[in-house]
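Working notes, beginning with the structure itself.
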Amino acid sequence: MTQHLLKITDVTKDELMDLLDDAKIMKQQVKEGVPHPHLAGKTLGMIFEKASTRTRVSFEVGMTQLGGHAIFLSSKDMQLGRGESVHDTAKVLSRYVDGVMIRTFGHDMVESFAAHSDVPVINGLTDEHHPTQVLADLMTIQEHKGTLEGLTMAFIGDGNNNMTHSLIQGAVLSGMNMHVASPEGYEPDAGVWKEAEASGTVFFSHDPSEAVKEADVVVTDVWTSMGSESETEGRLKAFEGYQVNEALMSSAAADALFLHCLPAHRGEEVSAGVIDGPQSAVFDEAENRLHAQKALLKKLL
């Protein structure tokens, strides 16, 4: 495994499965009240340039459960927010902490930080990739389905966002088939898609019903991501017909699982009946951020 996790493809399939196995063990240890202080004395620096609920809390609690400590670093409170270079910030923090998690906008920022860091760097989210969320998603699918290999996952919505890109890469890496349905102009990144086509089974359609047909897992995300709020009105029009609702889920497998990384807008990208219904595993998925990230922290730190 590389020193950093900037994209889900930074791990091999064997490393991915090892992480999921370790996450499962530590989740059970939490339920049984068994301490697992693998990172006693270790400190994680957490840089946030984007707001967060699940990322901040899961990493902070995860480090505590592992016996370590996490420091919240808002860009507004750091010299980074006042013009200090990424190079200098990375060099300084490397002298203080044992690892850095970054949640920011451009993916080039985490790449630059990792290039100059002497400690492991974890991408907690960029506009292009969200690998820690996909670790939790894959863990959740494995829990509910017993396997990943050979399953079909369908993503409905904005194909050109961080979740779609990481889901495509994670599906191919784990041996799943990947279907995507997006409106014209919102297709997945060409480079990500071409790489996926070369190594896995992927399918794209502008028709959501075609993409979800017989799918084992159906996933969606908000139609307007952080930083794109000015596009909200246009996106609402573009994504008409792409809501994951009961009618669309009826085209998937009868026991299809529904996932959403949250936060969700009920009545927009998903109906309340689906996200709050029996096929939804969104809160298992949210919980598994904690356990999947603990496995990652243990591995890297």
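Couple of notes before you dig in:
- The range 134-182 and the range 241-301: distance between their alpha carbon centers, rounded to Å: 11
- Karplus-based coupling profile of the range 258-265, in residue order and whole Hz: 10, 10, 7, 6, 6, x, 10, 10, with θ = phi - 60° in 6.51 cos²θ - 1.76 cosθ + 1.60 and x standing for Gly or Pro.
- The slack in the chain from Glu210 to Gln28, taken as 0.36 nm per residue of separation less the alpha-carbon distance, amounts to 61.7 nm.
- Gyration tensor (alpha-carbon) shape descriptor, the range 8-51, a/c threshold 1.5: oblate
- For the chain, averaging the sequence separation of C-alpha pairs within contact (under 8 Å, six or more residues apart) and dividing by the residue count gives a relative contact order of 20 percent.
- Within a Gaussian network of the chain (alpha carbon springs, distance under 10 Å), most fluctuating of Ile141, Ile102, Ile71: Ile71
- Couplings 3J(HN,Hα) of the range 176-185, computed from phi: 8, 8, 10, 10, 10, 10, 9, x, 4, x Hz, in residue order, whole Hz [Karplus 6.51 cos²θ - 1.76 cosθ + 1.60, θ = phi - 60°; x for Gly and Pro].
- Residues of the range 67-96 with an amide N closer than 17 Å to a point placed 7 Å from the Cα of Ala51 along the Cα-to-Cβ direction: 74-77.
- Placing unit charges on the Cβ atoms of the charged side chains and taking the dipole of the chain about its Cα centre, the candidate lying farthest along the positive direction among Thr55, Gly175, Ala254 is Thr55.
- Taking each DSSP H run with n ≥ 4 as -39500 (n - 2.57) and averaging over every residue of the chain yields -13000 deg cm²/dmol at 222 nm.
- Length gained on full extension, Glu149 to Ala247, computed as 0.36 nm times the residue gap minus the Cα-Cα distance: 32.6 nm.
- Counting only residues at least eight positions apart within a chain, or on another chain, the lysines with an alpha carbon under 28 Å from that of Lys24 are Lys7, Lys13, Lys42, Lys145, Lys294, Lys298, Lys299.
- Amide hydrogen proximity for Asn177: with H placed 1.01 Å from N in the peptide plane, the residues at 5 or more positions away or on another chain lying under 5 Å are Gly150, Leu151, Thr152, Met153.
- Within a Gaussian network of the chain (alpha carbon springs, distance under 10 Å), most fluctuating of Gln279, Gln28, Gln133: Gln28
- In terms of its C-alpha gyration tensor, the range 173-278 comes out oblate, because a/c is 1.5 or above while a/b does not outweigh b/c.
- Residue exposure proxy: Thr43, Thr89, ordered by other Cβ atoms within 10 angstrom of their Cβ from fewest to most, comes out as Thr43, Thr89.
- At R0 = 25 Å, FRET efficiency that the Cβ-Cβ distance of Glu231 and Glu184 yields, to 0.05: 0.95
- Label zone of Gln3 (point 7 Å out along Cα→Cβ, amide N under 11 Å): in the range 97-127 this covers 114-121.
- GNM on the chain, alpha-carbon springs under 10 angstrom: the most fluctuating residue among Glu60, Glu187, Glu233 is Glu233.
Read-outs throughout are calculated quantities, based only on the coordinates presented, and are distinct from any laboratory measurement. Quick caveat: nothing in here was measured; it's all calculated off a predicted structure. Positions of Cβ are generated from backbone atoms using ideal geometry, with glycine treated the same way; all protein chains shown enter the neighbour counts.
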